[in-house]
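Worksheet: one structure, shown below.
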């Protein structure tokens, strides 16, 4: 469950972290409430790319996700991801690709500020794909290592739309 | 100017209530069922020259059952049957529709392409082709979560043919919704309809909508 968060309700260290980036674009803050945990997310655009910075409830940074074009991934990584999706489903279509960085706060800050790759950060790929099996179609979120090896997958539950259809 | 005066002289209106209960059942293999009960009650009728009558009148009740199959991640084809009970007369309507829901960054857009055919003993068959665009805008966050309000706006265009007559009806429906849970929503607002304007006999209808959507 995601709800908008007012800037005044954002932990000061998370706010300071984002403020230090001196972003030109507006930052939107969200509170993400899962079954087991809560987190805070800052979403913004930088250099035309969608960024999402996730913090824990105390304002400690957890990861940075940047939306990228699927085509920019190296061929062996793409092949490995596609092979895995083909094994799981009859048909699939990749709808969103994100590169996820985790690691030290300072390194993440440098990454966000410069946009340049930082070797000491852990890199993973988050893929959102429309997948079709024999019986149904669904939206899935996959996480792969920087080499394209499978880590985990989960189905994204779409909100009902009956009230928009009938 | 003369034309405008003449048009407004013919304009009639009606004001009433249009509550509905909408039950949805999810079945196996991407099939689903929708059943709906909608009732129409009139509170006031009149024309824009000032002649009006305020009186509570029960008008009709519609009972419908539509079955749908998901054909894509965001699309569904559906077909069903509606029976209308109006002053002890029965109207039988067959419905076909195709829905596509677009999930955009901060709101959802739904397109509905539909056709229906209505038959009764007392009237000539009526055939309609309709298109509706509906938007849902969350009033908190990027999506509508439980215990959150949303704004919904429907705009529909209905072409109808009955005997040799053609008519176009346009609907504008702004609604305020509350998502109690993802399977339970309540909406309230205005359902404004305008028709018969092509033959200079414009009728405006203002229905107060109260919708309850339940997913079982």
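FYI, it's all coordinate maths here, none of it is from the lab. From a predicted model like this one, the values you see are computed outputs, not experimental measurements. So basically every Cβ, Gly included, is an ideal-geometry build from the backbone, and we count neighbours across all protein chains shown.
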So what is the 222 nm mean residue ellipticity for chain A from helices alone, if each DSSP H run of at least 4 adds -39500 (n - 2.57) and you divide by all residues, rounding to the nearest 500 deg cm²/dmol? -6000 deg cm²/dmol
Could you work out how far the C-alpha centroid of the range A:106-140 sits from that of the range B:70-133, in angstrom? 41 Å
How far apart, in nm, are the 7 Å Cα→Cβ label points at residue B:170 and residue B:37? 3.5 nm
With a point put 7 Å past each Cα toward its Cβ, work out how far residue B:29 is from residue B:201 in nm, to one decimal. 4.9 nm
Using r as the Cβ-Cβ distance of residue A:119 and residue A:91, and R0 as 30 Å, what FRET efficiency do you calculate, to the nearest 0.05? 0.20
Using the Cα atoms as the points, what is the convex hull volume per residue of the range A:1-59 in Å³? 76 Å³
What full-extension length gain, to one decimal in nm, is calculated for residue B:105 and residue B:83 as 0.36 nm per residue of separation minus the Cα-Cα distance? 4.1 nm
Ranked by GNM mean-square fluctuation in chain B (Cα springs under 10 Å), the top entry among B:123, B:38, B:169 is B:123
In nm, spacing of pseudo-spin labels at residue B:210 and residue B:63 (7 Å Cα→C-beta vector): 2.2 nm
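Given a Förster distance of 41 angstrom, what is the FRET efficiency for residue B:92 paired with residue B:194, based on the Cβ-Cβ distance and rounded to 0.05?
0.95
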Within the range A:114-142, backbone nitrogen closer than 11 Å to the virtual label 7 Å beyond the Cα of residue A:155 toward Cβ: A:133, A:135-140
I'd like the mean, over residues of B:67-77, of how many other protein chain beta carbons sit within 10 Å of each residue's own Cβ. 3
Can you grab the distance from the C-alpha centre of the range A:143-166 to the C-alpha centre of the range B:27-66, Å, no decimals? 38 Å
Stokes-Einstein diffusion coefficient for the range A:95-163 at 10 °C in a medium of 1.306 mPa s, Rh from the Kirkwood formula over Cα pairs: what value in µm²/s? 112 µm²/s
Shielding by partners for B:141-148, please: the mean number of other protein chain Cβ atoms within 10 Å of each residue's Cβ. 4
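Hull surface divided by four, with the convex hull built on the Cα atoms of chain A: how many nm²?
Averaged projected area of chain A's Cα convex hull equals 11.7 nm².
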With the radius of gyration and the Kirkwood radius both derived from the Cα set of chain B, what is their ratio Rg to Rh? 0.98
Order by protection proxy (mean Cβ within 10 Å, highest first), peptides B:179-191, B:132-144: B:132-144, B:179-191
Based on the alpha-carbon gyration tensor of the range B:160-216 and its eigenvalue square roots a ≥ b ≥ c, which shape applies: rounded if a/c is under 1.5, prolate if not and a/b is larger than b/c, or oblate? prolate
Roughly what percent of Cα-Cα pairs across the protein assembly as shown reach past 41 Å? 31 percent
So the FRET efficiency between residue B:47 and residue A:62, C-beta based with R0 = 56 Å and rounded to 0.05, is 0.30
